[in-house]
Every structure is written in structure tokens, then in C-alpha cells.
1. Please find, within the range 69-86, the residue that is farthest from residue 31 (Cα to Cα) out of those that are loosely packed, with under 14 Cβ neighbours inside 10 Å and without any contact (Cβ under 8 Å) to a residue 60 or more places away in the chain.
2. Which count do you get for residues in the range 63-84 that are among the hydrophobic types (A, V, I, L, M, F, W, C), farther than 12 Å from residue 23 by Cα and in contact with a helix residue (DSSP H, G or I) (Cβ under 7 Å, 6 or more places away or on another chain)?
3. Looking at the range 1-22, which of its residues are under 18 Å from the mean Cα position of the chain (by Cα) and surrounded by fewer than 13 Cβ atoms within 10 Å (Cβ to Cβ)?
4. Check off (1) surrounded by fewer than 15 Cβ atoms within 10 Å (Cβ to Cβ); (2) β-branched (Val, Ile, Thr); (3) at pLDDT 95 or above for residue 25 and give me the number that stays unchecked.
5. Restrict the check to the range 41-49 and report whether at least one residue is surrounded by 14 or more Cβ atoms within 10 Å (Cβ to Cβ), farther than 27 Å from residue 69 by Cα and either at pLDDT 95 or above or not hydroxyl-bearing (Ser, Thr, Tyr) (or both).
6. List pairs: first residue in the range 22-42 and closer than 12 Å to residue 57 by Cα, second residue basic (Lys, Arg) anywhere in the structure, Cβ distance under 6 angstrom, at least six positions apart or on different chains.
Amino acid sequence: MASIDDIATAARRIESSAKGVAQRTQSCSTELYNHSVKLHAVVKGSRSGEDAAKEVDEAQRAVRDCALALTRLQAELRTFVRDLTK
């Protein structure tokens, strides 16, 4: 059976991993947003181009939401470890 220290250590590792992934995911979201702005400017008037730009917008929002979820996970893990080690 795992000790409380083992569980806390595992949770801290997950938190650290989530932090790194959240940072990279947020960076990806920002990059997608920047590409989307440029794409919208270039494809104005082209139905298929505008549809493609909308898909990039949707992907950007999904990636941003993922980054936010990872940030919430970090906070929950910090709370869990704090409560666990009281």
C-alpha cells in the first residue's frame, strides 16, 4: 500500500507535468490565434477559405480550453496535496 508521502509525490509530479503541458498548450493556442487572424485577412471573400479560417478558430478555442482545464487540474492537485499532508 502506498504511503501518504508516495501519493503526495505522485500528485506533485502530475501537477508539474500538467504545468508544462499547459504552458505549451497555451503557446499553441496563441500561435493558432495569430495564424487565424492572418488567414481571415487573406481569405476574405472565399467561402472555402473562410470556412477553413473558422475551423482554425474552433481549433484555437479547443486548445485554449484544454490549457484552462490543465491549469484547473494544477490548482486541484495543489489543494489535494495540501489537504493530504495536513
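The values are calculated or read from the model by the stated rules, or taken from the named source; none is laboratory data. Computed from a prediction, not measured in an experiment: that's the story for all the values here. Here Cβ is always computed from backbone atoms with ideal geometry, including for glycine, and neighbour counts include all displayed protein chains.
1. Within the range 69-86, the first condition is being loosely packed, with under 14 Cβ neighbours inside 10 Å, and the residues that meet it are 69, 72, 75-76, 78-79, 82-86.
Keeping just the survivors that are without any contact (Cβ under 8 Å) to a residue 60 or more places away in the chain gives 69, 72, 75-76, 79, 82-83, 86.
On the way: 69: 19, 72: 22, 75: 25, 76: 27, 79: 31, 82: 35, 83: 37, 86: 41 Å.
Among them, the one singled out is 86.
2. 5
3. Within the range 1-22, 13, 16, 20 meet the criteria.
4. The single condition residue 25 does not satisfy is (1).
5. Just the residues of the range 41-49 that are surrounded by 14 or more Cβ atoms within 10 Å (Cβ to Cβ), to begin with: 43, 49.
Cutting the leftovers down to farther than 27 Å from residue 69 by Cα gives us 43, 49.
Narrowing the set further to residues that are either at pLDDT 95 or above or not hydroxyl-bearing (Ser, Thr, Tyr) (or both) leaves 43, 49.
Yes, the conditions are met somewhere in the range 41-49.
6. Within 6 Å, the pairs are 29/64.
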